[in-house]
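Single-structure report; data block below.
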Amino acid sequence: MSKAFGILVRLEKLVVNHSKYCSRIHYDHQMDKTRYGYYSIFRRLFSTQKQPLDHGDTTPIKSSSALFAAPQLDSERTKVSPLYKLGKLNHIAIVVQDVQDAAELYRTVWEADVSKPVPHVEMGATVIFVRLENTNIELMEPLGKASPLEKFLAENKSGGIHHICLQVPSIEATMQRLKEYHVNMQTKEPILSDHGRYSIFVDPKDSNGVLIELMEESIANKRLDE
């Protein structure tokens, strides 16, 4: 019987050593069930009389998947709707005084893939894209004196980061999601970006002081044909 008790002690130590993989409350609950389970098993094995195994709490003890498993991540507990789930970083936008001069730095020094300048009247900017392997850099120059970027340059003489752009599967579902959580948008309706995709801008007051552009992943072919 002393040998059985020694085995029980070692098994209990094994459970304790793996407690770091479990939350405190979950571990305590499972530990009580496990101790009682071991006691019942050894009482049945080493008793001189045959006794029915008292299961006590009939909840199954999943020692391999519950006691010794790593904590479940929040992303695993809650499935986010794919319609408004944030995707990859599409680009980082930088406002500059002259897009040609700014693009030359990336073209000559780093030999980056640089696009041609494209005017974007709706955004009031002329843009050049620096294409990288994992994302893009959008260089923006004010287009006309009425451009909203003029105010940005007035406050930032040397230019600077203007916004970041994240992709979403559905711009309509994303707008509905933002409205439900009372997150303000700078644009009441989606605008057609220079990427050929619809996007919206989240008010920096509701996004930790950062202007966030949310862009639909798919190109708006159907809408453009209408």
**OP:** Could you check, for region 102-116, whether at least one of its residues is among the basic types (Lys, Arg), outside any helix (DSSP H, G or I) and farther than 13 Å from Glu213 by Cα?
**Re:** yes
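Based on what the data block shows, is Leu86 over 21 Å from Lys157 (Cα atoms) and not in a helix (DSSP H, G or I)?
yes
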Original post:
Does at least one position in region 203-210 carry a residue that is surrounded by 17 or more Cβ atoms within 10 Å (Cβ to Cβ) and modelled with pLDDT of 90 or more?
Top reply: no
Original post:
Which members of region 146-199 meet the condition of being of a type in the set (Lys, Arg) and modelled with pLDDT under 90?
Top reply: Lys188, Arg197
Subject >> Check on Asp113, more than 30 Å from Ser218 (Cα to Cα) and in the same structural domain as Asn208 (by TED's automatic domain parsing) >> reply: no
**OP:** Just need a number here: residues in region 179-196 that are crowded, with 19+ Cβ neighbours inside 10 Å and either of a type in the set (Val, Ile, Thr) or under 21 Å from the mean Cα position of the chain (by Cα) (or both).
**Re:** 0
Original post:
Can you spot a residue in region 136-146 that is in a strand (DSSP E or B), in contact with a Ser or Thr (Cβ under 6 Å, 6 or more places away or on another chain), of a type in the set (S, T, N, Q) and within 29 Å of Lys116 (Cβ to Cβ)?
Top reply: no
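The values are calculated or read from the model by the stated rules, or taken from the named source; none is laboratory data. Model, not experiment: these values are computed from the prediction. We place every Cβ from the backbone using ideal geometry, glycine too, and count neighbours over all the protein chains shown.
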